[in-house]
Structure formats: C-alpha cells, structure tokens
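We did not get these values from a lab; they are worked out from the coordinates using the rules stated. Worth saying up front: this structure is predicted, and the values here are computed from it rather than measured. All Cβ positions, even for glycine, are placed from backbone atoms using ideal geometry, and neighbour counts span all protein chains on display.
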Amino acid sequence: PQYEELYFSRALANEKINKYEIALKDYNKAIEINPNYKDAYINRGVMFYYLDKYEDAIKDYNKALEIDSNDKYAYNNRGRAESELSKDEEALLDFSKAIQIDSSFALAYVNRGDAKCVFSNYKEAIEDYTKAIKIDPSDMMGFSGRGKAYFELGNFSEAMLDFSQAISIDPNYDEGYYAKGVIKVKLNEYREALTEFNKCLEIDPNFKYALFNRGLIKTDLGDKENAIVDFSKTIEIDSTFALAYLHRANSKLFLGKYEEAIVDYNKTLEIDPSLTKASDSIKVARRKLSKMN
C-alpha cells in the first residue's frame, strides 16, 4: 500500500514547527505517490512561498488548479506569490477569483485590499478590509490593512483607531505600535510618539525604523547623546542606512565631535551621494575643527 496521507500528515506537523525544508520533502513524497494530490500541491506551494521560492510556489498552485479549478486557496495563495514577484495585476485577479468562489473568504478580501493599495486605490482597499472585518472581526489583519489605507489618505484619526484595535487583538503587533508612533509624529505629538516607538521596541528591539524614528525624536527633544545610541543601533542592524549615518553625524557635530561627524558624513555620501547636505556639513565640521586646532 501507498501511504501518501502519512507523508502529508508528517509534513503538516513539521510545517507547524517551521521545519519547512523537512516538510517539503514529505510533500514531495506524497505527490510522488499520488500525482493528483491537490492539497499536497497547495501545501508544498506554501512551503516554497515561505522559502522565498515564489516561482516554484506558483507552479504548484497552477497544478492544483489543473486538478480543481475552483479551489479558493490555490487562487488566494497564487495571488500572494504573484504579489511578491510584483505581478500585481495577476494577483488582483486571483484574489478576486477566490472571492468569487467564496464571498465569505475574509483573507482574500485582506489580500485584495493589499493589492489595491499597491495601485493607490485606497478607498477601494478600505471597502475590502471592511468586508474582511465584518466576516472575521477577530482577525487583526483587516484592521491593520485598513489602518494603513486610512493613513495614506491622511485620515489619521481612523487609522489610529484601526491600529489600536489590531493591537487589542494581538498585543505583540509591533508594526501597530510603530504605525501609531508615525501618526503621532505627523500630529507633532512627539512625546506620545516616543511612547509608541518604545512599545514597539519592547516587542522587537531590532525594529530599525522604530529605532531611527526614536532617534529623530530624541534629537528634536535635545537628547543628542541618546539619539546617537539609537542611530548607532540602527546602523548595527542595517549598515547601508544612509539617513542613520547622516543624523548621527548631525548629533555628533552638535556635540563637538567633529572628526567622528566627518567620518559619518563621508559614509552617508558613500552610500547615497544624493544626500548633498552631508557635503555642506563636512565643510562646517572641518572649519570648526580647524578653529579648535
């Protein structure tokens, strides 16, 4: 007897503990035993997706749809893989097809909303996120997506409500705290923004944009030394973050650390020559350094 179901079940178990390569081998075996095993193709496609092998994922979803042309998961998952490859028109069509098959498929509405945001169709995206929320109000992704769309439209109050709701569903949603921090910056509420970035960094200490933005706020509040700490941490995480070098240099220049500032300005220009402010600041730092000497 052939035991494709056993291989499939073992693959599922490994998938749940994020052992994707091992799961992949068992899905391969299940498909080898039964070449028409639709669910194995779909799940193997998910493994390929998690392993950033998007073309391979699409091939598996195509195969699943050859077996069953009305499988909503195959359309939805293929759309996600297409989105990763910037095949946004194709993704939009696939999410719509999944919704056509099942009008209560909340995740497909969220994904279609995301796809519409790529085309800056934020109002239509909000409609999709709202449908997803009505279908499944316990899923934070609908609130998160809608919050981002409201933000892009400049509707900060609604965005704030949606991010707060997403956080209430998932208290470890670091991006939600970050988004609330960005909104507070837009509203010139810097100390409140600082609180939100701190919460984000409690969850993920390596969230580089939260670190960078917290550094900017500390700079504006006159805390240059601690701003430098945040910019330095940002650079440790991403050594190509040109603006982090630039703002660290600005803080060092203010504190009279002219030689260190010049090093950072030069690094800024090395990474991004378009940041010409760094060139002007180098001249300032050199003048100040020559006066000291």
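Those helices (runs of 4 or more DSSP H) of the range 1-98 in which at least 3 residues are over 30 Å from Phe119 (Cβ atoms), charged (D, E, K, R) and touching a helix residue (DSSP H, G or I) at 6+ places or on another chain (Cβ under 9 Å), considering only elements entirely within it, cover 4-16, 20-33, 38-50.
Would you call Ser290 in a helix (DSSP H, G or I) and over 23 Å from the mean Cα position of the chain (by Cα)?
On the way: in a helix (DSSP H, G or I): yes; over 23 Å from the mean Cα position of the chain (by Cα): yes.
Answer is yes for this residue.
The residue list Asp272, Asp220, Asp204 contains one member that is under 21 Å from Lys148 (Cβ atoms) and surrounded by fewer than 18 Cβ atoms within 10 Å (Cβ to Cβ), which is Asp204. Please work out which one of (1) surrounded by 18 or more Cβ atoms within 10 Å (Cβ to Cβ); (2) free of Cβ contacts under 8 Å to residues at least 12 places away in the same chain is the condition Tyr245 fails and give its number. Exception for Tyr245: condition (2). Taken as a whole, the condition of being hydrophobic (A, V, I, L, M, F, W, C) and loosely packed, with under 15 Cβ neighbours inside 10 Å applies to Leu187. Pairs linking a residue in the range 86-111 that is free of Cβ contacts under 8 Å to residues at least 60 places away in the same chain and of a type in the set (D, E, K, R) to a residue that is surrounded by fewer than 16 Cβ atoms within 10 Å (Cβ to Cβ) and assigned to a loop (DSSP other than H, G, I, E, B), with Cβ atoms under 9 Å and 6 or more positions apart or on different chains, are Asp88/Phe119; Glu89/Phe119.
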